[in-house]
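Step one of this worksheet: look at the structure below.
Nothing in this text is a laboratory measurement; each read-out follows from the coordinates by a stated rule. Please read all numbers here as calculations on a predicted model, not as lab measurements. All Cβ positions, even for glycine, are placed from backbone atoms using ideal geometry, and neighbour counts span all protein chains on display.
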Amino acid sequence: MQKTLIRIFIALGLYLGLTYLGGETGRMIMYPVRLLITFLHEFGHAFGALITGGDVMNLQVNSDGSGYTVTRGGNRAIILLGGYIGSAIFGNILLYIASKFEKGANATLYILASTMVISALFWFNSLFTTGLLIGFAIILFLIANKTRFASDVLMFLGLTSILYIIQDFNVGPRSDLNAYAELFVFPPAVVWMYIWLAIAVVLLIFNIRMIFRSSKN
């Protein structure tokens, strides 16, 4: 339990230090992580389409950290929700595995890398996105295969993705929120914004409780 707590605080300190005290160097280091979080967001949309019987036409991650996913069919409410809430779920899964199953971290990085390659090839939309995702996949594969830091990297990525989307809740999912508000008419987008934020925070709290409850047991 103590070891897990220390590892989480180290990952948290690294994230906060790079984000708020790192200056230009910190922004440069966090830039690829930000793009990875954008991928998780867009993959959440794609996954939402697939599990509701829809198709994914293409997926794009832009150099400025934005992105979009084009789908056809499926449940639109689930697809829209899959971006913000889906990435929160993915981040919590990564954090939980890194905290509780260190030996499974390598396999998780392999799965994440494979998902990126599949997304880059089957949902091709731009050379930048394809090159980015394949580059990420190679790096994650090498970390899992050649180093002993797979669990630490996985924890940092998971925790960072959760904290980033919570901090970015009133900016990042704006287009999704507006589309969601149009779909349901009521309540307005600003209300959905806080509902989604509450869900993300509750997911994190529940995950932390599960991690330390299991550690104590």
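Close amide H partners of N58, meaning residues 5 or more places away or on another chain with modelled amide H under 5 Å apart, are V70. Taking the radius of gyration and the Kirkwood hydrodynamic radius from Cα positions alone, what is the Rg/Rh ratio for region 32-216, to two decimal places? So for region 32-216, dividing Rg by the Kirkwood Rh gives 0.97. Working note: Karplus 6.51/-1.76/1.60 with θ = phi - 60° gives region 48-63 the couplings x, 5, 5, 6, 10, x, x, 10, 9, 7, 7, 9, 9, 10, 9, 5 Hz, where Gly and Pro are set to x.
Using only side-chain charges placed at the Cβ, +1 for Lys and Arg and -1 for Asp and Glu, the dipole size of the chain relative to its Cα centre rounds to 780 debye. The spacing between region 10-35 and region 104-152, judged by their C-alpha centroids, is 20 Å. Look at the Cα gyration tensor of region 1-139: its axes a ≥ b ≥ c give a/c of at least 1.5 with a/b over b/c, and that counts as prolate.
Where the convex hull is taken over the Cα atoms of region 6-72, what is its projected area averaged over directions, in nm²? Average of the hull's projected areas for region 6-72 equals 5.6 nm². Rounded to the nearest 10 degrees, the inclination of helix 127-146 to the longest alpha-carbon principal axis of the chain is 20 degrees. Between T71, Y180, I165, the Cα set farthest toward the positive side of the dipole of the chain (charges on each charged residue's Cβ, about the Cα centre) is that of I165.
Per-residue 3J(HN,Hα) values for region 77-84, derived from phi via the Karplus relation 6.51 cos²θ - 1.76 cosθ + 1.60 with θ = phi - 60°, read 4, 5, 4, 5, 5, x, x, 6 Hz in sequence order (x marks Gly and Pro).
Classification of region 91-185 by its C-alpha gyration tensor yields an oblate form. The axis ratio a/c (a ≥ b ≥ c) is 1.5 or more, and b/c is at least a/b.
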